[in-house]
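Where a number appears in this text, it was derived from the coordinates with a stated rule and is not lab data. The structure displayed is predicted, hence computed values, not measured ones. Cβ placement follows ideal geometry from the backbone for every residue including glycine, while neighbour counts extend to all protein chains displayed.
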Amino acid sequence: MEKSVVYKRKTKLDKKMDKLRVLEESGALKNQKKVNRYLRKFKNNKLAVAGVIVFIIILILCFAAPLFTKYDPGAIDVLNRLQEPSKSHILGTDKLGRDVFTRILYGGRVSIVVGLGSALGAAAIGVSLGCYAGYKGGFLDNVIMRISELMMSFPRIILVLLLVTIVGQSLNNLLIIFICTGWASMYRMARAQMLSLREEEYVQALKAFGINDFVIAFKHMLPNALGPIAVNITLSTAMFILQETSLSYLGLGVPLDISTWGNILNAAQDLRILRECYWMWLPVGIIISLFVLSVNFIGDGLRDSTDPTQQG
Amino acid sequence: MKNDVVLSVKNLKTFFYTNQRCNKAVNGVSFDIKRGKTLCIVGESGCGKSVTATSIMRLLPKLSRIEEGEIVYHSSKGDIRLDTLKKNGKEMRQIRGSEIAMIFQDPMTSLNPVYTVGFQVIENLKNHRKMSKKAAKSEAIRLLKDMGIPLPEQRVDEYPHQYSGGMRQRAMIAMAMSCNPKVLIADEPTTALDVTIQAQIFELMDKLKKENDTAVMMITHDMGVVAEMADDVAVMYMGNVVETGSVDQVLRKPSHPYTRALLESIPVLGRGKNQVIEPIRGVTPDPFDRPEGCQFGPRCDYYCDKCKTMPDEITIDGHMVRCWNYKEVLKDA
Amino acid sequence: MLTYILRRILYLIPMLLVITFLVYLGLELMPGDAIDFMASPDTIAMMSPEDLDNLRETLGLNDPFLVRYFKWLGQIFQGNFGYSLSTGVAIKDIVFDRLPATLELAAIALVFSSLIGSILGVISALKRGSIADNVLSIAGMIGVSIPQFFFGLIAILLFALQLKWFPHGGRTLPGYETFLDRLPHLILPSLVMSMTMTAGVMRYARTSMLDSMNKDFIKTARSKGIPEWRVNLVHGLRVALTPVVVLIGFRLPMLIGGAVVIEQIFQWPGIGSEFVGAVRSQNVPLVMMISLLSVTAVLLASVIVDIVTALLDPRVKLD
């Protein structure tokens, strides 16, 4: 007795599956090109592609700035201060009459260089240490591990400001401080990769051949860990740019005479400017957010495409 | 006889739709599971045996569905078409766990690590029966004891990681048998265990089957397990059942080339080092690029033109085979 | 369990020693006379040169470096954190005066971001691929990309200055001291402060939940015929929680660091804004002390997180 026959409702998913079945049975799906897996996965990730496009646009705007604006970022024109956006100044002028759009473009150069430079520097130190110490283990690894734990217990911004108090404010100092405070997380990540790669058989084989530890760690194991490292560098860049912005907003980052995105925002500390002169801080903030967002999309896309467990 | 068959599967087809492709994992499978008997479903990895089990239990993942066929559960209240029930509806959930139960391959990952074993056994009990906390706990202890777990009063409050591999599988069996199911589906229950433990688990399952009259469907890739445990056998290849019958019929008089090839490729203890072991020639075809007609064709010694169409099910005396040339296979044995 | 807690706390001691040592090193390297920050300027002003020398002896300022360090450490334990270079007020008083304000913000931000982030992340995972999931995922991405203070500025402009729903700064108004009075002041800063953390927790909770629901024991749970909501909550969520708790512990420094900038924007009288002021005026003793306190706070909080993790996951070895 058929007591419980439930009529099969054709849901949306069902219809999609029906279509696929017909396609498959007609043989239409058999000949798909085998493009490079990584590229294909990345391309399919629309957000990552959008991220790359936005990233390149902002990069071009900033580094080819003279093509887009005729003003000098430091040109003071007190007569025209605090002007609203107009045809001659697309984003208006600031307290000293400087063209805001120009300052954003030129400031972007510094902010991006600081972000990327710090990420690469921190990676250089962190990955080298993590690679070698993670592979060797032992006393060296233990010591560096404790140091990194220590550094990571400090709230990042407090540690940075502490160092700024001691060594003083300057662009170079800031870069160095960022690198010194940023290597710890890179180190941890590289070390984790090494710990899992250490058990692979080819490592045992290389050791049996008597090959030098340095060579094993850097020439043979490191290339296998490049995926997560690249992802980390991308995401670190985003984080460093945000850090620089916060510090410069407080006036404690890059010295105020050099224009950076954060320094431009510094003016918004004044409530009056906040309320009445939106062009001085809103566009910069949006550009920063867009840039960091695009970098995050790229980083996520990289992570998804280099992760072997994710389906293509 | 109707009283004997507890679960009938008729022409089951289950397709997977992952990666934007259609994979016909199970493509026309039929068998019966009889009360108090063990049916062994045997085949290579990827032939669709686990999918069959998940289809019966309606535990298929999201991107897959039962395309065609019938799964009929002959319950005490009448015949129920499992394939038409709502996947997580009240009726199916009532059947799952109390009338048809399943145990899985790896007991370490199949048990939730953050809850005690007792909790997980009691969960099944309380889901299907009204029981007080105390009664459920003592029932859980009794079940663990019956499954051969020492010191059950202590073990019931311990976590899976505190158990050994064999004990975990016993606990899983305890959980599955807790509501006295009519059908027990075991998906390669000993593949993750040592051979000595394997023997113990099979002994246990045999005992349960005899004491409770449970119908057992055992999935395995190991012919040795089949010889040991089965009353009936179903041999699967690339989503089809190619031969079924009693264990005597299939193992002593294999009528399908694949079954014969399987049996010939297994070394037998005691035959000595000069015994002939013939691996099956060729490779398992890509599921997305299947041969026309009989799936075993390219690897078969008896291939002929007729094999370009899928062979019908030919049944003689309860022994079913899907091969046009079975008579030759039997003659050559 | 008790031994686990004790062990974790004991583990902190060498770390704290190293940190205090480094802090003291920083103080030593600072130009000027150490007595200026170790004793109250008022007291010094009234002392004669001999009394000053005696004071130096007591404070150990003439002893070798290591002895000085330990005596300084002793002073810390007695509650003498030194004196602010710019105002001459005892640092201990500054800290205790301003601590409640920051704790208020941090506590609310922590609770809010953990709860809301986890809930949204789990919902996102359970409804994977739906519109809600996509919207939340993009919102999460935006949340970690916008500079926290920029979000604060927009919030102030929109909610405080334009819509006038909330005050734009400060913690209280004179005369209005009860918690209910202060609530409108609390809302904007704590929401802004929790923004990045919420987005981070949400994304991580989503991943963790998806991972958890893919595990074998979920299949076992379903095979018992239990209702789907129970499978999701009792089995899926429960196992997904542990990594999220670990992540929250990991991100605690970030949360506390956020206070520094947020307090500036909202003119919140907490330790964060005090810190910024100290950096601006090169007030090294104050900078050092606040840094020390923040690290101690983070380390203590991480012990608590470890305890919660051990409670959640029986596989964590408790001995």
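Considering helices alone, the calculated mean residue ellipticity of the protein assembly as shown at 222 nm is -18000 deg cm²/dmol, with DSSP H runs of length four and up weighted by -39500 (n - 2.57) and normalised per residue.
Across peptide A:164-176, the average count of Cβ atoms from other chains found within 10 Å of a residue's Cβ is 2. Panel order for A:Arg98, A:Arg103, by other beta carbons found within 10 Å of each beta carbon, from fewest to most: A:Arg98, A:Arg103. Among C:Ser124, A:Ser170, the ranking by other beta carbons within 10 Å of each residue's beta carbon, starting with the fewest, stands as A:Ser170, C:Ser124.
For B:Glu158, the residues whose amide H sits under 5 Å from its own are B:Val117, B:Gly118, ignoring neighbours fewer than 5 places away on the same chain, with H placed 1.01 Å from N. The alpha-carbon positions of chain C define a convex hull whose volume is 176 Å³ per residue. For the residue pairs B:Lys13/B:Lys253; A:Lys10/B:Lys87; B:Lys87/B:Lys137; B:Lys130/C:Lys224; B:Lys37/B:Lys130; A:Lys46/C:Lys127, the alpha carbons lie more than 18 Å apart in B:Lys13/B:Lys253; B:Lys87/B:Lys137; B:Lys37/B:Lys130; A:Lys46/C:Lys127. The mean number of Cβ atoms from other chains found within 10 Å of a Cβ in peptide C:255-266 is 4, as a whole number. Relative contact order of chain B, taken over Cα pairs closer than 8 Å and 6 or more residues apart, is 20 percent. Between B:Phe288 and B:Gln94, the simple label model (points 7 Å from Cα in the Cβ direction) yields a spacing of 4.3 nm. For the pair A:Asp257 and B:Lys273, label points projected 7 Å from Cα toward Cβ lie 8.9 nm apart. Residue pairs exceeding 22 angstrom between C-alpha atoms, taken from B:Lys207/C:Lys219; B:Lys49/B:Lys126; B:Lys182/B:Lys210: B:Lys207/C:Lys219; B:Lys49/B:Lys126. Toward the positive end of the charge dipole of the protein assembly as shown, with +1 on the Cβ of Lys and Arg and -1 on the Cβ of Asp and Glu, the farthest Cα among A:Gly227, A:Phe214, A:Thr237 is that of A:Gly227.
In terms of packing, defined here as the mean over residues of other Cβ atoms within 10 angstrom, the peptides C:155-162, B:53-60 line up highest first as B:53-60, C:155-162. For the range C:83-123, the fraction of C-alpha pairs farther apart than 11 angstrom is 69 percent. Scattering from the C-alpha atoms of chain A alone, worked out with Debye: what is log10 I(q)/I(0) at q = 0.10, 0.11, 0.13, 0.14 1/Å? Log10 I(q)/I(0), no solvent term: -0.74, -0.83, -1.00, -1.08. Residues whose amide H falls under 5 Å from that of B:Met217, counting only those 5 or more places apart or on a different chain, are B:Leu39, B:Leu184, B:Ile185, B:Ala186, with hydrogens built in the peptide plane. Derived scalar couplings between HN and Hα for the range B:48-61 equal x, 5, 5, 4, 4, 4, 5, 5, 4, 7, 6, 10, 5, x Hz in order, rounded to whole Hz, by the Karplus curve 6.51 cos²θ - 1.76 cosθ + 1.60 (θ = phi - 60°), x for Gly and Pro. Potential lengthening of the chain between A:Lys136 and A:Leu82 amounts to 13.4 nm, from the contour at 0.36 nm per residue minus the alpha-carbon distance.
With each label modelled as a point 7 angstrom along the Cα→C-beta vector, the A:Lys12-C:Leu173 pair spans 5.0 nm. Taking all Cα pairs closer than 8 Å and separated by 6 or more residues, the relative contact order of chain A comes to 25 percent.
Annotation: amide H of B:Glu68 within the under-5 Å range of B:Lys13, sequence separation 5 or more or interchain, hydrogens built in the peptide plane.
Note on A:148-154: average number of Cβ atoms from other chains within 10 Å of each residue's Cβ is 5. Cα to Cα, under 19 Å, and not fewer than 8 places away if on the same chain: which aspartates and glutamates meet these conditions relative to A:Lys95? Partners found: A:Asp72, A:Asp77, A:Glu84, A:Asp257, A:Asp270, A:Glu276. When you work out D = kT/(6 pi eta Rh) for the range B:172-291 at 4 °C and 1.567 mPa s, using the Kirkwood radius from C-alpha pairs as Rh and the Stokes-Einstein form, the result is 79 µm²/s. By the rule of a C-alpha distance below 16 Å, with chain neighbours fewer than 8 residues away ignored, the aspartates and glutamates paired with A:Lys12 are B:Glu67.
Ellipsoid semi-axes for the range B:215-264, based on the Cα gyration tensor and the rule √(5λ), read 15, 13, 10 Å when sorted largest first.
Using a Debye calculation, one point per C-alpha and no hydration shell, please list log10 I(q)/I(0) for the range C:172-259 at q = 0.19 Å⁻¹ in order. The computed values of log10 I(q)/I(0) come out as -0.86.
Counting every alpha-carbon pair across the protein assembly as shown, the share separated by more than 35 Å comes to 65%. Normalised Debye scattering of the range B:66-130 at q = 0.19, 0.28 Å⁻¹ gives log10 I(q)/I(0) of -0.90, -1.25, counting only Cα atoms as equal scatterers and leaving out solvent. Between C:Ala132 and A:Glu200, the FRET efficiency estimated from the beta carbon spacing at R0 = 41 angstrom works out to 0.50.
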